[in-house]
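First the structure, in the form of structure tokens, and then the observations on it.
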Amino acid sequence: MIEESFQAAKSQVGLDHYQCRTWTAWHRFARLAMIALAILVIAVTEHRPDRMDPRRDAYVALSVGELRRLITAAHQPDNNGYTAAIRWSWWRRRHQATARRSHYKRRDLATNP
């Protein structure tokens, strides 16, 4: 579990991109990276659809990486880039939900002929 957390921190918030010489500087950098990851995880957890929501099967839940890409796109000077990123995110999440439903349907047919 710890290794998975470090891997997520390295890939999502750049925990392995430090260039520090002192322990204090590295400790501050690592603390900021872990806080950023915690904020992303909390935001994704709060965004998950409710079980009673009829649209919950229409889209795959937002992931940490997806949220990070959307935040990065929001900070670009070109507003069209953010709009395109939002549309791409909705399309990709809808496409993944369709693929997941098809996979489960095919798997159920194979186990229950």
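The values are calculated or read from the model by the stated rules, or taken from the named source; none is laboratory data. Just so it is clear, the model here is predicted, and its values are computed rather than measured. A quick note on method: Cβ atoms are made from the backbone with ideal geometry, for glycine too, and the neighbour counts reach across all protein chains shown.
If you scan the range 1-24, which residues turn out to be more than 20 Å from Arg69 (Cα to Cα) and not in a helix (DSSP H, G or I)? Matches in the range 1-24: Met1, Tyr18, Gln19, Cys20, Arg21, Thr22. In the range 25-46 there is no residue matching the filter, namely being out of contact with any Phe, Trp or Tyr (no Cβ under 8 Å at 6 or more places or on another chain) and either outside any helix (DSSP H, G or I) or at pLDDT below 80 (or both).
When the range 47-69 is limited to residues that are in a loop (DSSP other than H, G, I, E, B) and within 23 Å of Ala8 (Cα to Cα), the one that is modelled with the lowest pLDDT turns out to be Pro49. If the condition is being in a helix (DSSP H, G or I) and out of contact with any Phe, Trp or Tyr (no Cβ under 9 Å at 6 or more places or on another chain), then the range 70-84 contributes Ile71, Thr72, Asn79, Asn80, Gly81, Tyr82, Thr83, Ala84.
Within the range 19-31, being surrounded by fewer than 14 Cβ atoms within 10 Å (Cβ to Cβ) and of a type outside the set (S, T, N, Q) holds for Cys20, Arg21, Trp23, Ala25, Trp26, His27, Arg28, Arg31. Output yes when any residue across the range 85-96 is surrounded by 14 or more Cβ atoms within 10 Å (Cβ to Cβ), without any contact (Cβ under 8 Å) to a residue 12 or more places away in the chain and either assigned to a helix (DSSP H, G or I) or touching a Gly at 6+ places or on another chain (Cβ under 7 Å) (or both), and no when none is. Checked the range 85-96: at least one residue is surrounded by 14 or more Cβ atoms within 10 Å (Cβ to Cβ), without any contact (Cβ under 8 Å) to a residue 12 or more places away in the chain and either assigned to a helix (DSSP H, G or I) or touching a Gly at 6+ places or on another chain (Cβ under 7 Å) (or both).
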